Amino acid sequence: MSTLSRRLGMKGLLVHDDKGSAAAAGRAVRGIALELEQRAGEVLVARWGDDARAVIQSDPTIQCLLLNWDVDGDEDHGQAMGVLDAVRERNATVPIFLLADRSSASQVPVQAMQKADDFIWLLEDTTVFIGGRIVAAMQRYREAVLPPMFGALARFSQVYEYSWHTPGHTGGTAFLKSGPGRAFFDFFGENLFRSDLSISVGSMGSLLDHSGPIGAGEAYAARVFGAHRTYYVTNGSSTSNRVILMASVTRGQIALCDRNCHKSVEHAMTLSGAIPTYLVPLRNHFGLIGPIPPERLTPAAIRRSVADNALVVEGIDPAPVHAIITNSTYDGLCYNVSRVEELLGGSVDRLHFDEAWYGYARFNPLYRERYAMHGDPAQYVGDRPSVFATQSTHKLLAALSQASMIHVRDGRRPIEHSRFNEAFMMHASTSPNYAIIASND
């Protein structure tokens, strides 16, 4: 078994109620299980359909299913079909092998054949060959299932190259020269330090020019989150907000700003010289901050707000160029984004939603139309506003602290990538943490 297999948990599930039998089928199943353990790692065994379904529901690291078509001695094969359904409900691509003999294979229904990938004839081939076929299927699955950047990082770890570049701990070895350093090394584990790489490792691409596996990871994230393009950020959504505003609005231009905004928004306007015109949300007697009411988002209301702004002096163009809304609010209330686009879209060409606490919205139908990247990006036509979203993937999604994403949909007055990336590089480090990038992946 390879070191990479051990590190990344290669694991199969064998569903067979005859494994302990002295009969030929039992001996064959034990031989396959032993072969897989020697080649690939751990093999979990479930003797009944209910047990198998419980494992499938609780263990996402299963990378192959070996299923006895006659499990539980069920003549109508309902238990086997139940296991097949349980796997495919969670994972459409994990390889599934049906264990059967040739006499029963002809009776397997089409529904089962469509969910399984292949058959294993237990008594008609060697365990070495069968084990090799199973491991090959697991490896193909693993190559496809790992996201681009993390997959490349895991593969790079198998090259075992010396570190002749920054960081100066050289793969963690610098910590091994003292007692406290060794404790630090052991606490976090060698993989963390070996994967703490430099931009000098060209095969990993670059966060600054969005190339290689890092760029592929960003493109993958854009498809998942419904954006035209996505940028990985390793300094939190505070930086993501600053990047967008610095790219979009400059000195002497007006930005419409949710008064219930994060301080990073005000920092960005301070840096850029933009003029904020605040949109005041509701607040009830419990102190809960609500949304900005629709009547304050109409073109007429926006014109009044700009006209009443003492910072808008003679010579300033009163037409706002950017608008930022906090969605969801810090008390958990979310906007109907389609409606916001209709209202604010009459006044401004670029809408920016600070969704730092709201990155999960696309994955629950409850929030349909209520997040920035709603709907199909391919159907987002150019006469609608350009839309930006910042999401702290480290907050309510599974990423490391400081991980964030910027999602972009181009509409009216889009900011081309080259210009946007100048603002991105202004705020990004030339030494980003690869573990944070991989956690976004």
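The values are calculated or read from the model by the stated rules, or taken from the named source; none is laboratory data. Here the structure is a predicted model, which means the values were calculated and not measured. Neighbour counts are summed over all protein chains in view; Cβ atoms, including those assigned to glycine, are modelled from backbone coordinates with ideal geometry.
Flag set for VAL83, criterion: of a type in the set (A, V, I, L, M) and either touching a Leu at 6+ places or on another chain (Cβ under 8 Å) or more than 26 Å from LEU34 (Cβ to Cβ) (or both). Residues in the stretch 380-396 include at least one that is part of a loop (DSSP other than H, G, I, E, B), in contact (Cβ under 8 Å) with a residue 12 or more places away in the chain and within 18 Å of the chain's Cα centre (by Cα). Could we say that ARG30 is closer than 19 Å to THR126 by Cα, surrounded by 17 or more Cβ atoms within 10 Å (Cβ to Cβ), within 35 Å of the chain's Cα centre (by Cα) and among the basic types (Lys, Arg) here? Taking the combined requirement at face value, the residue does not satisfy it. Within the stretch 286-321, the only residue that satisfies the criterion of being free of Cβ contacts under 8 Å to residues at least 24 places away in the same chain, surrounded by 12 or more Cβ atoms within 10 Å (Cβ to Cβ) and not in a helix (DSSP H, G or I) is PRO293.
Taken together, TRP164, TRP121 contain a single residue that is more than 29 Å from GLY82 (Cα to Cα) and modelled with pLDDT under 85, which is TRP164.
Is at least one residue of the stretch 354-367 among the acidic types (Asp, Glu) and modelled with pLDDT under 95? No, because not a single residue in the stretch 354-367 is among the acidic types (Asp, Glu) and modelled with pLDDT under 95. Of the candidates THR239, THR230, the single residue that is touching a strand residue (DSSP E or B) at 6+ places or on another chain (Cβ under 9 Å), closer than 19 Å to LEU400 by Cα, assigned by TED's automatic domain parsing to the domain that holds ALA435 and not in a helix (DSSP H, G or I) is THR230. Can you confirm whether SER328 is of a type in the set (Gly, Ala, Ser), buried (at least 16 other Cβ atoms within 10 Å of the Cβ) and in the same structural domain as ARG242 (by TED's automatic domain parsing)? Considered against the rule, which asks whether it is of a type in the set (Gly, Ala, Ser), buried (at least 16 other Cβ atoms within 10 Å of the Cβ) and in the same structural domain as ARG242 (by TED's automatic domain parsing), SER328 comes out as yes. Among the residues of the stretch 267-296, those that are out of contact with any strand residue (DSSP E or B) (no Cβ under 7 Å at 6 or more places or on another chain), under 21 Å from ASP354 (Cβ atoms) and not hydroxyl-bearing (Ser, Thr, Tyr) comprise HIS267, ALA268, LEU271, GLY273, VAL280, LEU282, GLY287, LEU288, PRO291, PRO293, PRO294.
Within the option set ALA183, ALA221, ALA227, ALA216, being without any contact (Cβ under 8 Å) to a residue 12 or more places away in the chain and of a type in the set (A, V, I, L, M) holds for one residue only, ALA183.
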